Amino acid sequence: GIDVVLDQGFATEADRARIRLLARQAGHQLYSYFVDADQQVRRQRVMHRNVEKGETYAFDVTGPMFDVMDSRFERPTQLELKECVRV
């Protein structure tokens with residue numbers, strides 16, 4: 001009976017399709033948000049999070065770690081974007 005936020009990145013189209021399918025099969029309504037920011041802004045935010053170590057901080061993400069994950073990310077397709085809230 002409460003809202004849940006999954007902030008897992010879901011880097012690939014296949015990752016996102018799988019989570020949509022699982023949510024729908026379980027009878028849940030799913031809202032996808034796509035935060036569209038250029039690479040420099042994303043890197044700065046990650047490095048700031050390393051320093052800030054806020055409430056949800058788990059570990060430092062190094063520059064090389066960021067690069068690997070960033071290179072793996074597949075931008076949402078036009079079809080996916082029709083179902084997304086774009087930020």
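The values are calculated or read from the model by the stated rules, or taken from the named source; none is laboratory data. Because the structure is predicted, anything quoted here is derived from the model rather than measured. Cβ placement follows ideal geometry from the backbone for every residue including glycine, while neighbour counts extend to all protein chains displayed. Only protein heavy atoms, including side chains, enter the accessible area calculation; ligands, DNA and RNA are left aside. Shrake-Rupley method; radii C 1.70, N 1.55, O 1.52, S 1.80 Å.
Which members of the stretch 1-49 meet the condition of being without any contact (Cβ under 8 Å) to a residue 24 or more places away in the chain, surrounded by 11 or more Cβ atoms within 10 Å (Cβ to Cβ) and on the phi > 0 side of the Ramachandran plot?
Correct list: 10 only.
Are any residues in the stretch 68-87 in a helix (DSSP H, G or I) and open to solvent by 70 Å² or more (accessible area, probe 1.4 Å), and if so, which ones?
Those that are in a helix (DSSP H, G or I) and open to solvent by 70 Å² or more (accessible area, probe 1.4 Å): 68, 69, 71, 72, 78, 79, 82.
Consider residue 41 against the criteria (1) in a helix (DSSP H, G or I); (2) closer than 19 Å to residue 17 by Cα: it satisfies all of them except one. Which criterion is unmet?
Just one mismatch for residue 41, condition (2).
Being acidic (Asp, Glu) and modelled with pLDDT under 95 is the filter here; which residues of the stretch 43-56 pass it?
Within the stretch 43-56, just 55 meets the criteria.
For residue 59, work out the one condition from (1) at pLDDT 95 or above; (2) touching an Asp or Glu at 6+ places or on another chain (Cβ under 8 Å) it doesn't fulfil.
The number of the failed condition is (2).
For the stretch 50-58, check the following and say yes or no: at least one residue is of a type in the set (Phe, Trp, Tyr), open to solvent by less than 100 Å² (accessible area, probe 1.4 Å) and in contact (Cβ under 8 Å) with a residue 24 or more places away in the chain.
no
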